[in-house]
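The values are calculated or read from the model by the stated rules, or taken from the named source; none is laboratory data. If you're wondering where the values come from, they're calculated on a predicted model, not measured in any experiment. As a convention, Cβ positions derive from the backbone with ideal geometry for all residues, glycine included, and neighbour counts pool all protein chains shown.
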Amino acid sequence: MAKFPVEAGDMEGIVDAVNYTLSGPAGLGQNFGGVNYSEPSWLTGNFRPPFTRLPISTVGNGADTVSSITIADPSNITAGQYVFGTGIGVAALVDGTYTSGSTTVPLTIANSGPVSGTINFYSTVPDKLYVAPIAITTAQWIDEYTRKFSYAAQPTPPFLPGNSVTVAGVSIAGYNERFTGPGVVECTTTYVTVKSTTPQTVLGAGAGGTVGYFNTIQAPVAGVNAAAETYLKTDCSTRLTVTSPTDRVFINVTFDNSISYTASAATDLQYSVLVNRYLAISNNDVRNPDFLYSFEETIAERVYTTSVAIGSGTLDFNTIFGSVIDQPDSAYYLYRVDVQFRVVNTGGAAQVTGSQVRLRNLTGQVVKQ
């Protein structure tokens, strides 16, 4: 650490002072980053962005009738959008008769009561974190990275783009895989097309098996290797540069989450909120330079364990990390809030079906010592 004042002839003190100056500015103002959101959003569970489904438009309510609302700012509102808010009916959409730019917004579902507070408009239905296995009728190899799985007609397309679906039990083993990375690239009521990051040689037509979407780690089984640690990414992240081994990183987090679940047996359901540090690594692509992020360490974790009975329900959690201190090596890092869902009791069977995040923020500050 440089000392002050430096006396004439004190070469060690002079060298320390010059090195301290060259290592960057001191104080609390440099290298600050973070994000803040308050709009209700749904975790997608996707490997790639978007990690949450943010609203297209957020407005304060105005007058309402039985099946319409009047608002002051109709920007970005279009027919077919999903509408959520106090007093708005379940599964309400902006009606097809809506005229773009009009302050009167007709809805497809009658209001459940007086409309009050903030109203949010979304482009898609809330994301699911669980889709029960669907029987596959045919499996088709499209190219070395692409497969197509057909099934009996479903009421709506069961998967959304980016979902990391799992295929199991198909007659040809090469089709059986958890498709992460690109994941789902197209989905209709009768088939889903997925891409893998691993090339596969030509496969013949397959049959049987199932395709589903899962984001809850099930209970370990004796004699069977435990499932790999997996985290669901959120939109709370920031990138920070650490320039000196004496730098310290301060992280502050607020994270509100409402979790929906379904259980087929009495289950001890574990929900974890983690602040993870990822090392930035150049992709070495001169045409499209960017960084890849490699998990390094969990620097803070809060674990909740709740016993749930057979059936469905909702659990609410509020997590705060105040001034978590980290002191990594000099490098470029991504700090992000990740979550994890896990069944921890033998015989337990439950799936988290959805995760609605509300007020959430992450701020990061590099402080030079």
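Things to note:
- Checking Ala132 against (1) closer than 26 Å to Asn46 by Cα; (2) surrounded by fewer than 14 Cβ atoms within 10 Å (Cβ to Cβ); (3) modelled with pLDDT under 95, the condition it does not meet: (3)
- Number of the condition not met by Glu144 [criteria: (1) of a type outside the set (A, V, I, L, M); (2) buried (at least 20 other Cβ atoms within 10 Å of the Cβ); (3) farther than 28 Å from Ala92 by Cβ]: (2)
- In region 255-266, the residues that are in contact (Cβ under 8 Å) with a residue 60 or more places away in the chain reach residues that are of a type in the set (Asp, Glu) with C-beta atoms within less than 6 angstrom, at least six apart or across chains, in these pairs: Ser258/Asp316.
- Residue in region 242-256 that is in a strand (DSSP E or B), surrounded by fewer than 16 Cβ atoms within 10 Å (Cβ to Cβ) and of a type in the set (A, V, I, L, M) present: no
- Some residue of region 277-288 being over 18 Å from Gly34 (Cα atoms), small (Gly, Ala, Ser) and modelled with pLDDT of 95 or more: no
- Residues that are part of a loop (DSSP other than H, G, I, E, B) and within 20 Å of Pro50 (Cβ to Cβ) within region 176-214 comprise Phe179, Thr180, Gly181, Pro182, Thr197, Phe214, listed in sequence order.
Every residue, every condition in (1) more than 16 Å from the chain's Cα centre (by Cα); (2) of a type in the set (Ser, Thr, Tyr), yes or no:
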| site | (1), (2) |
| --- | --- |
| Gly208 | yes, no |
| Thr216 | no, yes |
| Ala219 | yes, no |
| Asp235 | no, no |
| Thr241 | yes, yes |
| Asn257 | no, no |
| Leu279 | yes, no |
| Arg287 | yes, no |
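- Strands (runs of 3 or more DSSP E) lying entirely in region 60-175 (those with 2 or more residues that are closer than 30 Å to Ala205 by Cβ): 131-143, 146-151, 166-168
- Residue list for region 306-328, restricted to those being closer than 17 Å to Asp338 by Cα, exposed (fewer than 14 other Cβ atoms within 10 Å of the Cβ) and either outside the structural domain of Ser258 (by TED's automatic domain parsing) or not small (Gly, Ala, Ser) (or both): Asp316, Asn318, Ile320
- Selected residue (only one of Leu240, Leu203 is in contact with a strand residue (DSSP E or B) (Cβ under 6 Å, 6 or more places away or on another chain) and assigned by TED's automatic domain parsing to the domain that holds Gly169): Leu203
- Taking the criterion of being surrounded by fewer than 19 Cβ atoms within 10 Å (Cβ to Cβ) and in contact (Cβ under 8 Å) with a residue 60 or more places away in the chain, the only residue of region 58-86 that qualifies is Thr58.
- Flag for Val275 being assigned by TED's automatic domain parsing to the domain that holds Asp316, under 23 Å from the mean Cα position of the chain (by Cα) and among the aliphatic types (A, V, I, L, M): yes
- Extreme residue, farthest from Thr86 (Cα to Cα), among residues of region 19-37 that are exposed (fewer than 13 other Cβ atoms within 10 Å of the Cβ) and at pLDDT 70 or above: Asn19
- Of the residues making up region 115-128, just one is touching an Asp or Glu at 6+ places or on another chain (Cβ under 7 Å) and either charged (D, E, K, R) or surrounded by fewer than 21 Cβ atoms within 10 Å (Cβ to Cβ) (or both), namely Asn120.
- Only one of the numbered conditions (1) acidic (Asp, Glu); (2) under 18 Å from Leu232 (Cα atoms); (3) not in a strand (DSSP E or B) is not met by Glu297, and that is (3).
- Residue ID - modelled with the highest pLDDT, chosen from residues in region 219-237 that are more than 19 Å from Thr44 (Cα to Cα) and not hydrophobic (A, V, I, L, M, F, W, C): Pro220
- From the options Ser264, Ser282, Ser307, Ser272, residue that is among the hydroxyl-bearing types (Ser, Thr, Tyr) and within 30 Å of Pro55 (Cα to Cα): Ser272
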